[in-house]
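Derivation of every value follows stated rules applied to the coordinates shown; laboratory data play no part. Here the structure is a predicted model, which is why all the values come from computation and not from measurement. Neighbour counts are summed over all protein chains in view; Cβ atoms, including those assigned to glycine, are modelled from backbone coordinates with ideal geometry.
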Amino acid sequence: MRIPLIAGNWKLFKTLDEALDLVNQLKVLVKDIKKVEVVVAPVFTAIATVSKAVKGTPIQVSAQDCYWEEEGAFTGEVSPKLLKDAGCTHVIIGHSERRQYFAETNDTVNKKTKAALAAGLTVLLCVGETLSERESGSTFEVIESQVRGGLSGISSDDLKPIVIAYEPVWAIGTGKTATEQQAQEVHAFIRKLLSEMYSKKIASSTRILYGGSVKPDNIKGLMAQVDIDGALVGGASLKADSFAGIVGFNN
Ligand code: 13P
């Protein structure tokens, strides 16, 4: 049984006051929602505040990135251990914006993933092809190298607290969602790949989220697909009512 997971990636938005306001509204709106895991990912500076605010509620907190060393002379970086200390249970790794703008590679994604798993965080590992990669017919090749690269050297025992997020780059922030069929096709491919890399059992218990212009009016159709187990939501997670509308997709 894969419990659906809906995560809101707040990206570089929200001051402390705004973050608190959003999460306090969310607490009320999602309090009766059952059988869906809810995660929010604020900016680093708001993690501790938001974590305190959600204590005792089912809402969990994620970071948007981390470094792979635990501590040391690494100016500007934040380690998985410090994220846990601030109240995180999850961390997003390898988001396409980090791959695009911050020189993230499959190798750095792999190092970060290993460090985060070792610290006991659940990793939301992002993969996704660009528009030109899709148009040139290399979607599956790109996804395969990102999944294999990100998980390189990670054993099936360590893989447990991992969630894959398929986010086609061309669907992020564009209002252009992948069709349910396009998303399902890639999710099924990832699951098959996990079964080849690990086992059928691991593949069938690993959650694969879809991300890219998810809104309250398209979540139901996406969630109806057999291999879509939740969503990683950007823009629509910045407002309590739209995010709650997504979290409550089966109500
Ligand atoms: P949008 O929902 O704004 O398209 O963003 C998706 C995303 O990048 C989530 O990580």
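Footprinting exposure proxy ranking of 166, 101, 67, fewest other C-beta atoms within 10 angstrom first, gives 101, 67, 166.
Might you report the magnitude of the Cβ-based charge dipole of segment 54-158 about its Cα centre, with Lys and Arg at +1 and Asp and Glu at -1, to the nearest 20 debye?
For this selection, approximately 300 debye.
The modelled label-to-label distance between residue 34 and residue 176, using points 7 Å beyond Cα along the C-beta direction, is 4.2 nm.
Given the options 146, 225, 60, state which has the largest fluctuation in a GNM of the chain using a 10 Å cut-off (strictly under) for Cα springs. The residue that fluctuates most here is 225.
Annotation for residue 118 and residue 156: the two label points, set 7 Å from Cα along the Cα-Cβ direction, are 2.4 nm apart.
Where in the chain are the DSSP H helices whose C-alpha atoms run 24 Å or more along the long axis and whose mean Kyte hydropathy is at least -1.0? Mind dumping the intermediate values first?
On the way: long enough: 180-197 (25 Å, -0.49).
Flagged H segments are 180-197.
Dividing the summed -39500 (n - 2.57) terms of all DSSP H runs of n ≥ 4 by the residue count of the chain sets its mean residue ellipticity at 222 nm at -11500 deg cm²/dmol. Working from Cα pairs under 8 Å separated by at least six residues, relative contact order for segment 99-197 is 33 percent. Taking other Cβ atoms within 10 Å as a rough exposure proxy, 197, 223 sort from fewest to most as 197, 223. Candidate cross-link partners of residue 55 among the lysines, defined by an alpha-carbon separation under 25 Å and a same-chain spacing of 8 or more, comprise 11, 14, 27, 31, 34, 35, 81, 84, 160, 239.
Rounded to the nearest 20 debye, the dipole size of segment 121-251 about its Cα centre is 300 debye, using +1 on the Cβ of Lys and Arg and -1 on the Cβ of Asp and Glu. A simple count of charges around residue 42, restricted to other residues whose Cβ falls under 13 Å of its Cβ and scoring Lys, Arg +1 and Asp, Glu -1, yields -1. Here segment 139-154 is scanned for amide nitrogen atoms under 19 Å from the site 7 Å beyond the Cα of residue 103 along Cα-to-Cβ, giving none. The value of relative contact order for segment 172-251, using C-alpha pairs under 8 Å at least six residues apart, is 33 percent.
Pairs of Cα atoms nearer than 8 Å and 6+ residues apart set the relative contact order; for the chain it is 21 percent. Backbone geometry of segment 200-215 corresponds, through the Karplus equation with coefficients 6.51, -1.76 and 1.60 at θ = phi - 60°, to 3J(HN,Hα) couplings of 4, 5, 5, 4, 7, 9, 7, 7, 10, 9, 9, x, x, 6, 6, 9 Hz, x marking Gly and Pro.
Of the residues 178, 250, 100, the one whose Cα sits farthest towards the positive end of the charge dipole of the chain is 250 (charges of +1 on Lys and Arg Cβ, -1 on Asp and Glu Cβ, taken about the Cα centre). Going from the residue with the fewest nearby Cβ atoms within 10 Å to the one with the most, 180, 69, 135 rank 135, 69, 180. Local charge for residue 175 was computed over the other residues whose Cβ lies under 13 Å away, with Lys and Arg +1 and Asp and Glu -1, and equals +1.
Could you tell me the distance between the Cα centroids of segment 95-121 and segment 68-85, to the nearest Å? Segment 95-121 and segment 68-85 have Cα centres spaced 13 Å from each other.
If you take all other residues with their beta carbon under 13 Å from the beta carbon of residue 68, and give Lys and Arg +1 and Asp and Glu -1, the sum is -3. Dipole magnitude for the chain: computed about the Cα centre from +1 point charges on Lys and Arg Cβ and -1 point charges on Asp and Glu Cβ, it is near 740 debye.
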